[in-house]
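Scroll down for the structure; my scribbles are underneath it.
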Amino acid sequence: MKKLALLATALAMVTGSALAADMPVKAVKAPPPPAFDPWDIAFGGGIMSDYIFRGITQSNHKPSVTAYFEPRYNVTKDLQLYVGVSAESISFPNRAAAEVDIYGGIRPTFGAFALDIGVWGYLYPGGTCYFGAPGIDFAGNFQGAECAEKALLNANVIKKDLSFFEVYGKGTYTVNDNWAFGFTEYYTPSYLNSGAWGNYASITGKYTAPSTLFGSSGVGMYVSGEFGRQWLGTSDSFYGTAAFPNGIKYADYNTWNVGIGFTYKVFTLDLRYSDTNLSKGDCNAFTSDWSARGNITASSGTFVTPINPSGVGSNWCGAAGIAKLSFDLTAMTNLK
């Protein structure tokens, strides 16, 4: 009887296991994918010892502050739409004290290659026209009573409103975690509202040091540089001379910069050298510099060029060193 009981128990266990094996196993429900929020906002600001734009100071070689605000919409992980506004303090010959930029575009990414295509508007509010009496240019056009009322001491002239826009395209190819190379292309039908078209193209390079360079301090480092060329057309008659009454053909020029940067969390300290091959005379004709070197008694007859018969020279386009401390954040990364 004991043997029969043990046999029955064993058969019951085997049969139960077989039935359990034949039963369908209920799948464990996978967790839902994380919610995708396509919206993001980038913003930041900084202070720099000199605001240099394509090799030319915009702040009369004085310090400048800047800030920006940029909403972004990520259509997919490889396609971003954006708009933005930024501002910089400047010191222009027409006494405009701020540059306000409004821009927008699209940023598609194809693997290691990223593009940025858009439109950028440069606004310079608060300017005053400086032309001098009787306010008639060399082509015989009257520039208005406001322009005739005021003149710069060095005989340069400058419009009240220098606002303009550019269309642009930029590309960056990221080789690896350390190396990236790129190009830029900007075009405007009227650079600084001068009537002269402008085209700027450049190549860029950046080396980012390994994150372990400074141990576990969290400090990063990079070295970057750019070489560009600015092509310019002929201005309208406002900037004309006796030899070129309908406008002057601005000199094309090369510009370059190289620098080293240090990063820590959201902060960046960038130390940079910038220069151009634009002569002091042609620089004066292009910028209408009103600063110290623009004093006609100090430099008259020294920097004469075909488009700068006064001989007044400007150092706004020469070599300059720039130190910039900035911070950059995005809402999704830094404010979550």
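The values are calculated or read from the model by the stated rules, or taken from the named source; none is laboratory data. This is a predicted model, so every value here is computed, not measured. Positions of Cβ are backbone-derived with ideal geometry, glycine not excepted, and every protein chain shown enters the neighbour counts. Note: accessible area is taken over every heavy atom of the protein model, side chains too, but ligands, DNA and RNA are not part of it. Shrake-Rupley method; radii C 1.70, N 1.55, O 1.52, S 1.80 Å.
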- Message: Among the residues of the range 269-280, what is the count of those that are in contact with a Gly (Cβ under 6 Å, 6 or more places away or on another chain) and either of a type in the set (G, A, S) or open to solvent by less than 10 Å² (accessible area, probe 1.4 Å) (or both)?
- Response: 1
- Message: Condition check: of a type in the set (D, E, K, R) and within 30 Å of G126 (Cα to Cα). Does K170 satisfy that?
- Response: no
- For the range 119-127, state whether one or more residues are more than 29 Å from D40 (Cβ to Cβ) and among the hydroxyl-bearing types (S, T, Y). yes
- Task: Of the conditions (1) of a type in the set (D, E, K, R); (2) part of a strand (DSSP E or B); (3) more than 30 Å from G321 (Cβ to Cβ), D116 clears all except one; give me its number.
- Result: (3)
- Task: For G126, state whether it is in contact (Cβ under 8 Å) with a residue 24 or more places away in the chain, of a type in the set (G, A, S) and open to solvent by 30 Å² or more (accessible area, probe 1.4 Å).
- Result: yes
- Go through the range 104-123 residue by residue and tally those that are open to solvent by 60 Å² or more (accessible area, probe 1.4 Å) and farther than 16 Å from V83 by Cβ. 3
- Item | When residues of the range 47-80 are limited to those that are among the aromatic types (F, W, Y) and not in a loop (DSSP other than H, G, I, E, B), the one surrounded by the most Cβ atoms within 10 Å (Cβ to Cβ) | Y68
- Query: Name the residues in the range 203-222 that are part of a strand (DSSP E or B) and in contact (Cβ under 8 Å) with a residue 40 or more places away in the chain, would you?
  - Reply: V219, G220, M221, Y222
- Task: Among what's in the range 247-262 and is assigned to a strand (DSSP E or B) and open to solvent by less than 50 Å² (accessible area, probe 1.4 Å), pick the residue that is farthest from F327 (Cα to Cα).
- Result: Y253
- Residues of the range 227-242 being in contact with a helix residue (DSSP H, G or I) (Cβ under 8 Å, 6 or more places away or on another chain) and open to solvent by 10 Å² or more (accessible area, probe 1.4 Å), in sequence order, are Y239
- Task: Report whether or not S163 is within 25 Å of V304 (Cβ to Cβ), in contact (Cβ under 8 Å) with a residue 24 or more places away in the chain and among the small types (G, A, S).
- Result: no
- Query: Going through the range 184-202 one residue at a time, which ones are hydrophobic (A, V, I, L, M, F, W, C) and not in a helix (DSSP H, G or I)?
  - Reply: A196, W197, A201
- Item | Members of the range 186-208 found to be touching a Gly at 6+ places or on another chain (Cβ under 9 Å), open to solvent by 40 Å² or more (accessible area, probe 1.4 Å) and among the polar types (S, T, N, Q), listed by number | T204, T208
- Query: Listed residues A18, A35, A96, A5; which is hydrophobic (A, V, I, L, M, F, W, C), farther than 19 Å from K170 by Cβ and at pLDDT 95 or above?
  - Reply: A96
- Message: When you scan the range 144-154, do you find a residue that is under 17 Å from the mean Cα position of the chain (by Cα) and among the charged types (D, E, K, R), even just one?
- Response: no
